[in-house]
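The values are calculated or read from the model by the stated rules, or taken from the named source; none is laboratory data. Source: prediction; values computed, not measured. Heads up, the Cβs are rebuilt from the backbone with ideal geometry, glycines too, and the neighbour counts pull from every protein chain shown.
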Amino acid sequence: MEKLWGGRFEGPSEAWIDAFGASISFDQKLAAQDITGSLAHVAMLAKTKILTENEAAQITAGLESLQKKLADGELTFTIEDEDIHLNIEKYLHDEIGPVAGKLHTARSRNDQVATDMHLYLKETVKAVIEQIHSFRHVLVKKAEANIETLMPGYTHLQHAQPISFAHHMMAYYGMLTRDQERFIESLKRIDISPLGCAALAGTTFPIDRAYSAELMGFSAIYENSLDGVSDRDFILEFLSNSSILMMHLSRFCEEIILWCSHEFQFVELTDTFSTGSSIMPQKKNPDMAELVRGKTGRVYGNLFSLLTILKGLPLAYNKDLQEDKEGMFDTADTILASLNIMSGMVETMALNQDKMAQATEKDFSNATELADYLANKGMPFRQAHEIVGKLVLACTKQGIYLQDVPLEDYQALSLLIEADIYQALASKTAVERRHSYGGTGFNQIKAAIARSKKTLENERTGKK
């Protein structure tokens, strides 16, 4: 088949070479964006009198026909036409004849593909922002229902201090809020039009780049044509933000997987988000959480892949840049699916509140309470820390816990200790008393939830 760019070449290309060089197997995902960009381009060509009104009208009608056929699933794409741009151009030629060739006036596939990807990511990032917002709402709802649900807080995966489960959920709310902010901020660098940069040096035609950008909904245009066709920073930033998001989801999944285990028994996932074993009938595996944790690696890989592709490229366009799309598409699909899974999984997750509370009692996570108790009575904290550390060691050897120590033994350690020590050592008291801003105290959590609900509502309604 004759190539649209084949004038310079004498012999036909070979099919296996065409297959290696073609990108249509994946860049067909840009079909809708490619038509959108072309509609803006032809409108601009008409406005600047580069095309006649009749030519522009024919091309516009052809593109709109293809737009409808694409939406109806009537377009199929072939390797023979390499990429989405040439496939669409071929279809347009079939629709309206040779005048279709005038669409490519003052345009290159270099600025065309860059435009398509800016349009794609602009739409995708907005969808990601909405999904993150929804998941944050789920986290706040789960927290609000579990303000006084106690659980161990951990450092080094060892019991550290008792906390509220709501406090734990709100920690992830904070992470997801920062993730959403990063994606929002990235829109500024996505919302730029490269159309009109042409191959690399601009064009001799009297185009109006600002007009075509406006028609596509872009708020700015690239100031430098070399930069416009070779920039992939906006994709890198998307992949980087996605990697951070997936890291947060993966941390959460790791905890959910632990909490589902027989050793913890803190939560149970619904059947929707679990699977069984082909040989062990008792198994209920947290496979969806494991998959989100596992898919984090592929998102990281997509980031590292594009960083590696770009690191040695001279300006402007190089065929290497064809490899910028699959990772972008894969990452978009992965993070949107993962966020959807996480929202459903956390929303329907059942908590074993008794088991979680019990885990805060048969441990030494209240040791800090005893040290604080002594410090509040006037003992230097370092001295209190040493006394409590020695007492914990003694209790460990005896197989008892701090709440099991008789009052006379406490008073033998220090006359500062009175009968109210047992109330101070209670897990609920320990949590409730941590009223510093951002702490796990119930009143602090209620205030944090109230602030978060207001933030989410303002985001939903567009208020500042």
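Some observations on this one:
- The set of residues in the stretch 434-454 that are small (Gly, Ala, Ser) and assigned to a helix (DSSP H, G or I) comprises Ala447, Ala448, Ala450, Ser452.
- Residues satisfying the stated conditions in the stretch 359-391, i.e. exposed (fewer than 15 other Cβ atoms within 10 Å of the Cβ) and within 16 Å of Ala426 (Cα to Cα): Lys362
- Residue among Glu74, Glu82, Glu53 that alone is at pLDDT below 95 and either charged (D, E, K, R) or surrounded by fewer than 21 Cβ atoms within 10 Å (Cβ to Cβ) (or both): Glu82
- Between Ser250, Ser230, Ser219, the distinction of being over 19 Å from Ser38 (Cβ atoms), touching a residue at least 60 places away in the same chain (Cβ under 8 Å) and hydroxyl-bearing (Ser, Thr, Tyr) belongs to Ser230 only.
Okay, residues lined up against (1) over 27 Å from the mean Cα position of the chain (by Cα); (2) free of Cβ contacts under 8 Å to residues at least 24 places away in the same chain; (3) within 17 Å of Met151 (Cβ to Cβ); (4) buried (at least 16 other Cβ atoms within 10 Å of the Cβ):
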{"position": "Ile417", "(1), (2), (3), (4)": "yes, no, no, yes"}
{"position": "Gln423", "(1), (2), (3), (4)": "yes, yes, no, no"}
{"position": "Lys428", "(1), (2), (3), (4)": "yes, no, yes, no"}
{"position": "Val431", "(1), (2), (3), (4)": "yes, no, yes, yes"}
{"position": "Phe442", "(1), (2), (3), (4)": "yes, no, yes, yes"}
{"position": "Lys453", "(1), (2), (3), (4)": "no, no, no, no"}
{"position": "Glu457", "(1), (2), (3), (4)": "no, yes, no, no"}
{"position": "Arg460", "(1), (2), (3), (4)": "no, no, no, no"}
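- Residues satisfying the stated conditions in the stretch 276-318, i.e. under 17 Å from Trp259 (Cβ atoms) and outside any helix (DSSP H, G or I): Lys283, Lys284, Asn285, Pro286
- Every residue from the stretch 256-293 that is closer than 30 Å to Glu237 by Cα and loosely packed, with under 12 Cβ neighbours inside 10 Å: none
- Hey, Asp354 under 29 Å from Phe266 (Cα atoms), of a type in the set (D, E, K, R) and at pLDDT 95 or above or not: yes
- Each residue in the stretch 294-343 was checked for being crowded, with 17+ Cβ neighbours inside 10 Å and over 19 Å from Leu121 (Cβ atoms), and 6 of them qualify.
- Taken over the stretch 393-415, residues that are assigned to a helix (DSSP H, G or I) and surrounded by 14 or more Cβ atoms within 10 Å (Cβ to Cβ) amount to 6.
- Only one entry of Ile207, Ile192 meets the criterion of being surrounded by 16 or more Cβ atoms within 10 Å (Cβ to Cβ) and in contact with a strand residue (DSSP E or B) (Cβ under 6 Å, 6 or more places away or on another chain), and that entry is Ile192.
- Within the span defined as the stretch 365-372, one or more residues are part of a loop (DSSP other than H, G, I, E, B), within 26 Å of Ala145 (Cα to Cα), in contact (Cβ under 8 Å) with a residue 24 or more places away in the chain and in contact with a helix residue (DSSP H, G or I) (Cβ under 6 Å, 6 or more places away or on another chain).
- Evaluation of Pro206 against (1) farther than 26 Å from Gln322 by Cα; (2) in contact with a helix residue (DSSP H, G or I) (Cβ under 9 Å, 6 or more places away or on another chain); (3) touching a residue at least 24 places away in the same chain (Cβ under 8 Å) (one fails), failing number: (2)
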